[in-house]
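Each value in this text was obtained by applying a stated rule to the coordinates, not by laboratory testing. As the structure is a prediction and not an experimental result, all values here were calculated from the model. Don't worry about glycine lacking a Cβ; one is built from the backbone with ideal geometry, like all the others, and counts go over all protein chains shown.
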Ligand code: SF4
């Protein structure tokens, strides 16, 4: 994957960030694209989003050893503003170019549970009409796994415009993982 030229994102990113976790993980979590810290570290979900994700997994009593985390797009996309690199959303061409990597991960892992974190992951695998806001909070029947869930990306919780909205978004995100945890216990 480090030699992939499937789209142009490899040109400016530090490295491709592949998924991470046990090859026997029962749960696969799929985010959007590596962030600034993930790009530098070469690992997914190591920044503030990763901390919130760990908190949500804890709330659902889901051990990290049972989880594999990855992204729909493997190279960081950003706009340089001075010294800062500001995250950009991947477009549909980049998502489609990177999809074979994601599909290969799912094929190899064959998870019982897939959790789609945000619209990019959900639309990459379930089509552009999929709406996370409509489909979160209940189990989905898809070809991806025995049970599929969709929720928002943890970065969107952290980006909520004020403290009250952030508190609500956090509670909803945690509740989504408690539901995933309920299904995990049935495995
Ligand atoms: S983002 Fe995906 S498709 Fe594009 S170069 Fe990187 S690995 Fe290849």
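So here's what we get for this one:
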{"read-out": "Matching residues in segment 1-14 - criterion: being part of a loop (DSSP other than H, G, I, E, B), over 30 Å from residue 187 (Cβ atoms) and in contact (Cβ under 8 Å) with a residue 60 or more places away in the chain", "value": "4, 6, 7, 12, 13, 14"}
{"read-out": "Test: residue 11 is within 9 Å of the ligand (Cβ to nearest atom) and crowded, with 23+ Cβ neighbours inside 10 Å", "value": "no"}
{"read-out": "Cβ pairs under 8 Å, 6+ apart, first in segment 120-134 and part of a loop (DSSP other than H, G, I, E, B), second surrounded by 18 or more Cβ atoms within 10 Å (Cβ to Cβ)", "value": "130/119; 130/122; 130/123; 130/150; 131/119"}
{"read-out": "Unique match (being more than 14 Å from the chain's Cα centre (by Cα) and in a loop (DSSP other than H, G, I, E, B)) among 96, 160", "value": "160"}
{"read-out": "Matching residues in segment 52-65 - criterion: being touching a helix residue (DSSP H, G or I) at 6+ places or on another chain (Cβ under 9 Å) and part of a helix (DSSP H, G or I)", "value": "52, 53, 54, 55, 56, 57, 58, 59, 64"}
{"read-out": "Hey, residue 89 surrounded by fewer than 16 Cβ atoms within 10 Å (Cβ to Cβ) and either touching a residue at least 24 places away in the same chain (Cβ under 8 Å) or under 17 Å from residue 31 (Cα atoms) (or both) or not", "value": "yes"}
{"read-out": "Some residue of segment 126-143 being within 16 Å of the ligand (Cβ to nearest atom) and surrounded by 17 or more Cβ atoms within 10 Å (Cβ to Cβ)", "value": "no"}
{"read-out": "Restricting segment 21-51 to residues that are in a strand (DSSP E or B), on the phi < 0 side of the Ramachandran plot and away from the ligand (no atom under 15 Å from the Cβ), the residue that is surrounded by the fewest Cβ atoms within 10 Å (Cβ to Cβ)", "value": "28"}
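To keep it simple, each residue is scored yes or no on (1) touching a strand residue (DSSP E or B) at 6+ places or on another chain (Cβ under 9 Å); (2) within 16 Å of the ligand (Cβ to nearest atom).
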position: 78; (1), (2): yes, yes
position: 81; (1), (2): no, no
position: 86; (1), (2): yes, no
position: 115; (1), (2): yes, no
position: 150; (1), (2): yes, no
